[in-house]
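Notes for the one structure printed next.
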Amino acid sequence: MTGVDKMDLSFAILSWNSERYLERCLFSIDKALTNTSLSYEILVLDNGSQDGTPCLLAQLSESHRGRLVPFYEKTNTGTTRSRNRLFAAARGEYLCVMDSDVELFGGVVDTLLPLLASDKNLGIVVPRIVYPSGAWQKSFDRFPTLTDKINRFFRLREIEQREALQMENRMQPFCIDYAISAFWLMRRQLLQTVGMLDERIFYAPEDVDFCLRVWQSGHRILYVPSVSVIHHTQEISRGMKINMAKLSHIKGLGYYFLKHHYFLCRPVFAGRGTEGRGNDGSHPHP
């Protein structure tokens, strides 16, 4: 890329009924990158929101002209097709996948980007993710088995609270199987190796599937707990209540297990090993 097409970093953000969060998200990006020399663009796709998000996005694109590029879908097309649309439009050498309910802090990109740039074997780097209260949020895990998913369905809060205590003083980076796609930083070129998100998955677990393919390609995923972002997680598929998001997640899990030919024995990759959590969900070792 040369001339006006050259860009250091592209943010790819989906919004869906995100009126409460979107402006804060975009403001946090601009604030976090104020003192950097990085050139960046913010690509935001509204996925058929029913609230005031489309109007807000149009207003923000006017005030951020030249930096914020809006995209609109008339209906909710899910997380894969819509993100792939943003990936195809991105001009940055590096790509940041970010949820619209995330707030970025200064120092996060400054810390993660050099790690990624200095190690060609790294596929994705991710920060610690916290709730607005500052409490640790469970944002990574081993590749799931059917047993794991059943266990998490009934005991997620208990698992998260126990892991939060174990993670409290851990500041050194370590490799993980997968991270939720609330915040990923990667080279855009990785998409040429791994491919785009699998559009046969509507909502989830597209992040698990992509991370598995990252490992299959010979790259690693690094968790860096010394820097963090806030995630106002909307958790539309969590809890006991049955809704369309949860049904879509269950369907996606079935497809994921069939696609990768396992249900009970998770895949293991060189550089990741077999160390880590048992089925009780305790955290992985570096």
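The values are calculated or read from the model by the stated rules, or taken from the named source; none is laboratory data. Predicted, not measured: the structure shown is a model, and the values here were computed from it. When we count neighbours, we look across all protein chains shown, and the Cβ atoms used for this are built from the backbone with ideal geometry, even at glycine.
The residue that is surrounded by the fewest Cβ atoms within 10 Å (Cβ to Cβ), counting only those in segment 121-135 that are assigned to a loop (DSSP other than H, G, I, E, B) and either in contact with a helix residue (DSSP H, G or I) (Cβ under 6 Å, 6 or more places away or on another chain) or of a type outside the set (S, T, N, Q) (or both), is Gly134. Taken together, the residues in segment 163-180 that are in a loop (DSSP other than H, G, I, E, B), of a type in the set (A, V, I, L, M) and within 16 Å of Phe210 (Cα to Cα) amount to 2.
Against the numbered list (1) farther than 18 Å from Tyr94 by Cα; (2) touching a strand residue (DSSP E or B) at 6+ places or on another chain (Cβ under 9 Å), Leu43 comes up short only at (1).
For segment 147-174, taking the residues that are modelled with pLDDT under 95 and touching a helix residue (DSSP H, G or I) at 6+ places or on another chain (Cβ under 9 Å), the one that is surrounded by the most Cβ atoms within 10 Å (Cβ to Cβ) is identified as Ile159. Mind counting the residues in segment 254-270 that are assigned to a helix (DSSP H, G or I) and out of contact with any Pro (no Cβ under 6 Å at 6 or more places or on another chain)? Selection size over segment 254-270: 6. Summed over segment 47-73, the residues that are under 19 Å from Arg91 (Cα atoms), not in a helix (DSSP H, G or I) and not aromatic (Phe, Trp, Tyr) give a count of 7. Comparison of Leu45, Leu33, Leu38 shows that the only residue that is under 22 Å from Asn84 (Cα atoms) and in contact (Cβ under 8 Å) with a residue 40 or more places away in the chain is Leu45.
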